[in-house]
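Quick notes on the structure that follows.
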Amino acid sequence: MKTPLQLNQENLQEIESRIPAPKYGRSSDKTGIVHIGVGGFHRAHLAYYLHQLKNSSEASEWGICGIGLREADSKLHDIFNTQDHLYTLMVKHPDGNIEPEVIGSIVDFKMGTTDPEPVIALMAHADTKIVSLTITEGGYNFNPTTGEFNFDNPDIQHELQHPEDPKTVYGFLTAALKRRRDAGLPAFTVLSCDNIEHNGDMVRKMLGTFAEAQDPDLAKWIAQEVTFPNSMVDRITPVTTKADIEILAQDYGLNDAWPVTCEPFIQWVVEDKFSNGRPPLEKVGVQFVPDVGPYEKMKLRLLNAGHSVIGLLGVLHGHPTINACVEDELFATYLRAFLDQEATPILGNIIGIDLEDYKDSLLERFANPNIKDSVSRICAESSAKLPKFLIPTIQENLTTGGSIKFATLVIAAWCYYSDKQVNQNGQPLEIIDAMHGQLHQAAKQTTTDPLAFIRQESLFGNLIRNERFTKLYTEAVQKIYKDANIKKHMREMI
Ligand code: CS2
């Protein structure tokens, strides 16, 4: 075994003899992209595309500076400091092969929580062309049912009173955009990379509403000058495990405190409207299109919803991973039936895409035995995910008279999971959700009021007033409460 080398800039040459490393210099990089929310997904997706671009051509104005706006981000901040912002991406192939590569496109990282000033100054700097976001579905501060901005958030109230002391992404964006306007600099593009339909339009609306309340003149300037491309992002990125860190050290001789693992598949479809220039990402496979809407809807309603469907049913059954779920024939059949009978009919035709092929490839991606994407990652923050991935499909099928039974069982399973917090074998489950307490309280009342869970209108909208849905849901939830053997109920549906 080779003695593991510490991942840092100084060791890169030696590391390169073990695994691929950046072919480009990094010291003179400008941070043309400031990215808020540097989770595994960003490191497997945007940062990887940029790394490929830099490997193939001169692109020194397009380095990334990561920004952390949550206390929890300080862990990555500290690790990045010891690794010169380098990290390893481990692409996991279905045949068991792992392709590790050191990524160098992130050249700096700042915490906005300790001192907002350097972050505002960087975002307001002439070199910054794009501010991109991966702040998760729940991070956009809007009410999922009404679609309106949530002014009740205390951080939002704070930054309305103290624009110089921002806390949320909205406070930082307005503070920096104000400086740019006052300095006569062009606005940056705000690029959302989250799984939300019309993600760019949504941020435009939210930022516009916030800015209007903070500074109406600035709001006008933002409306005229800032662009918000919609984008569809895709790459399955499981949570990094200790085993991944050990494999890297033992098999490849590299000490990296926080590598990222992902599947081989990658896709990014973006609207080509950038107010202040963009990197030529088409050279590395990014698709620029005039309207990303149909791609977004397809991906959210098939891939993300498909994940939630088997994730929530799988967690109750006791399957640990998504690949374990789809190796189970009943789960694979159920998933395909949901995709074919409930999700596909509302998608219509998507020019240039064969939906049958797309679904086949989804099933293959989910089945990748090397990826071991945990159902707990998929079930985490379901309260932010289901209102975007699954509930709209039920609503649309209720309007058209389409099938809703597969999705309804999933909602009932979600209720049982939120209430009992154990799987069908009685093993405890850790529920990770910002609305954990509220979900539990609502679900707990199911035995006396079977509809209690779906009375949460901020999640389920008007489903509670639809008789067809409430009847089916009541039957489903009563069955699960009587007998938690989830496969039995799934079988009955097919
Ligand atoms: C997943 C997504 O979190 C989830 O529920 O569906 O993270 C999914 O893996 C990515 O969107 C794939 O692009």
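The values are calculated or read from the model by the stated rules, or taken from the named source; none is laboratory data. Just so we're clear, the structure is a prediction, and the values are computed from it rather than from any experiment. Quick reminder, even Gly has a Cβ in these numbers, built from the backbone with ideal geometry, and neighbours come from all protein chains shown.
At a glance:
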read-out: Wholly within region 360-430, helices (runs of 4 or more DSSP H) carrying at least 1 residues that are at pLDDT below 95; value: 382-389
read-out: Residue check for GLY25: outside the structural domain of ASN323 (by TED's automatic domain parsing) and either closer than 22 Å to THR113 by Cα or within 16 Å of the ligand (Cβ to nearest atom) (or both); value: no
read-out: Test: residue in region 166-175 that is assigned to a loop (DSSP other than H, G, I, E, B), over 27 Å from GLY277 (Cβ atoms) and modelled with pLDDT of 95 or more; value: yes
read-out: Among residues of region 358-396, those that are surrounded by 21 or more Cβ atoms within 10 Å (Cβ to Cβ), more than 13 Å from the ligand (Cβ to nearest atom) and of a type outside the set (A, V, I, L, M, F, W, C), counted; value: 1
read-out: Verdict on GLU342 being away from the ligand (no atom under 13 Å from the Cβ) and assigned by TED's automatic domain parsing to the domain that holds PRO94; value: no
read-out: Only one of SER56, SER17, SER60, SER28 that is more than 28 Å from the chain's Cα centre (by Cα) and closer than 27 Å to VAL286 by Cα; value: SER28
read-out: Every residue from region 206-258 that is among the acidic types (Asp, Glu) and either in a helix (DSSP H, G or I) or modelled with pLDDT under 95 (or both); value: GLU212, ASP217, GLU225, ASP244, GLU246, ASP251
read-out: The listed residue being surrounded by 21 or more Cβ atoms within 10 Å (Cβ to Cβ) and among the hydroxyl-bearing types (Ser, Thr, Tyr), out of TYR49, TYR87, TYR24; value: TYR87
read-out: Selected residue (criterion: surrounded by the most Cβ atoms within 10 Å (Cβ to Cβ)) from residues of region 179-235 that are closer than 19 Å to GLY32 by Cβ and of a type in the set (D, E, K, R); value: ARG180
read-out: Subset tally (residues that are in a loop (DSSP other than H, G, I, E, B) and either among the small types (Gly, Ala, Ser) or touching a helix residue (DSSP H, G or I) at 6+ places or on another chain (Cβ under 8 Å) (or both)) for region 116-146; value: 10
read-out: Counted residues, region 271-317 - those being assigned to a helix (DSSP H, G or I), in contact with a Pro (Cβ under 8 Å, 6 or more places away or on another chain) and more than 14 Å from the ligand (Cβ to nearest atom); value: 0
read-out: Inter-residue pairs, beta-carbon under 9 Å, first part of a helix (DSSP H, G or I) and in region 62-78, second of a type in the set (S, T, N, Q), 6+ apart; value: GLU71/THR113; ASP73/THR113; SER74/THR113; SER74/THR114
read-out: Within region 225-240, tally of residues that are more than 16 Å from the ligand (Cβ to nearest atom) and under 26 Å from the mean Cα position of the chain (by Cα); value: 4
read-out: Answer residue from region 107-152, given it is among the aromatic types (Phe, Trp, Tyr) and surrounded by 17 or more Cβ atoms within 10 Å (Cβ to Cβ) and is farthest from PHE80 (Cα to Cα) among those; value: PHE149
read-out: Residue match in region 95-103 (condition: part of a loop (DSSP other than H, G, I, E, B) and at positive phi); value: yes
